[in-house]
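These notes concern the structure reproduced below.
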Amino acid sequence: MACTKNPNEISISNRRRIDSICKEFNEKCPYLRLGIFSGEARQLVEKNKDIMPLDGTQTIAAVRREGTTGSISISGNKKVKDLEAEFDETFGLFCQVCYTDADGDRYYTGRSND
């Protein structure tokens, strides 16, 4: 498959499966992980409730908020807060990026780390 854009860019459209998006992200950004959650998950996080990622076998089209459509791309120069906002605006989904520290522990980015 020929790349028409930057080969390090990840394109996300309605037809992409969640697990393939996360796998590609993790391969290109080995110290980062991408979590994709329902749009309602944001309110649960704000209430300090546990959330579960969406079923990876589903496509974006199957889980996006009704009335949303489009595509986004992830590149190395995109800020975490911008990526998370794009997932919300384009698909109505809650997205979180977490990082792995030197000890192997994983942490979700917070507002100050976005």
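The values are calculated or read from the model by the stated rules, or taken from the named source; none is laboratory data. Computed from a predicted model, the values in this text were never measured in an experiment. Reconstructed Cβ throughout: ideal geometry from the backbone, glycine too, with neighbour counts over all protein chains shown. In case anyone asks, the SASA skips ligands and DNA or RNA and just uses the protein heavy atoms, side chains included. Shrake-Rupley method; radii C 1.70, N 1.55, O 1.52, S 1.80 Å.
Under the condition of being open to solvent by less than 30 Å² (accessible area, probe 1.4 Å) and closer than 20 Å to residue 106 by Cα, the residues counted in the range 33-47 number 5. Within the range 41-58, being over 15 Å from the mean Cα position of the chain (by Cα) and charged (D, E, K, R) holds for 46, 47, 49, 50.
Taking the range 59-77 as the range and being surrounded by 14 or more Cβ atoms within 10 Å (Cβ to Cβ) and under 14 Å from the mean Cα position of the chain (by Cα) as the test, the residues that pass are 59, 60, 63, 64, 71, 72, 73, 74.
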